[in-house]
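The values are calculated or read from the model by the stated rules, or taken from the named source; none is laboratory data. As the structure is a prediction and not an experimental result, all values here were calculated from the model. For neighbour counting, all protein chains shown are included, and Cβ atoms are generated from backbone atoms with ideal geometry for every residue, glycine included.
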Amino acid sequence: MANHNELGKKGEDLAVNFLLKNSYKILARNYIFQKAEVDIIAQKADVLAVVEVKTRSTNAFGNPQGFLKPKQIQRIVKAVDNYVTSNKLDVEVRFDIIAIVKNGNQFDIEHLENAYYHF
């Protein structure tokens, strides 16, 4: 596995652990619909958190959350709409980003709730 793929997998594992520690229930990981992949679908109370995980080895080229493009957002929204509809969920949907930056041997984790909206 390429180094960037390993870093991405490590970031998703860290994000899942972070969410679990903060009382979220993980409903799905790497949910795929058409051309979209949703990293994590989690729930806390009556809120469905759609979480995009952005992991970087450095923030020298900008913050990880800055790498989410409009086309990717459109695909994620479409996938989540399918997920909510097919599972007949009656929840508020929130779109989050968990930004992770490697800092030496540790990782800095930032959870951005309502990071983007579904226009």
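Observations
- Checklist (1) at pLDDT 95 or above; (2) part of a helix (DSSP H, G or I); (3) of a type outside the set (D, E, K, R) applied to residue 74, failing item: (1)
- Qualifying positions in the range 83-98 - of a type in the set (Asp, Glu) and crowded, with 16+ Cβ neighbours inside 10 Å: 96
- Residues of the range 102-111 satisfying the condition of being over 15 Å from residue 43 (Cα atoms) and either in a loop (DSSP other than H, G, I, E, B) or at pLDDT 90 or above (or both): 104, 105, 106, 107, 108, 109, 110
- First in the range 55-79 and within 21 Å of residue 9 (Cβ to Cβ), second anywhere and at pLDDT below 65 and β-branched (Val, Ile, Thr), Cβ under 6 Å, 6 or more apart: none
- Candidate set: the range 60-71, residues that are assigned to a loop (DSSP other than H, G, I, E, B) and surrounded by fewer than 15 Cβ atoms within 10 Å (Cβ to Cβ); chosen: the one modelled with the highest pLDDT: 69
- Residue count for the range 19-47, restricted to those that are within 16 Å of residue 98 (Cα to Cα), over 12 Å from the mean Cα position of the chain (by Cα) and among the hydrophobic types (A, V, I, L, M, F, W, C): 1
- Being on the phi > 0 side of the Ramachandran plot and among the small types (Gly, Ala, Ser) is a property that residue 36 lacks.
- Restricting the range 77-95 to residues that are assigned to a helix (DSSP H, G or I) and polar (S, T, N, Q), the residue that is nearest to the chain's Cα centre (by Cα): 82
- Residues that are touching a residue at least 12 places away in the same chain (Cβ under 8 Å), over 12 Å from residue 111 (Cα atoms) and not β-branched (Val, Ile, Thr), drawn from the range 31-54: 31, 33, 34, 35, 36, 37, 39, 42, 43, 44, 46, 48
Conditions (1) modelled with pLDDT of 95 or more; (2) not aliphatic (A, V, I, L, M), marked per residue:
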| site | (1), (2) |
| --- | --- |
| 1 | no, no |
| 4 | no, yes |
| 9 | no, yes |
| 14 | yes, no |
| 22 | yes, yes |
| 30 | yes, yes |
| 33 | yes, yes |
| 36 | no, no |
| 40 | yes, no |
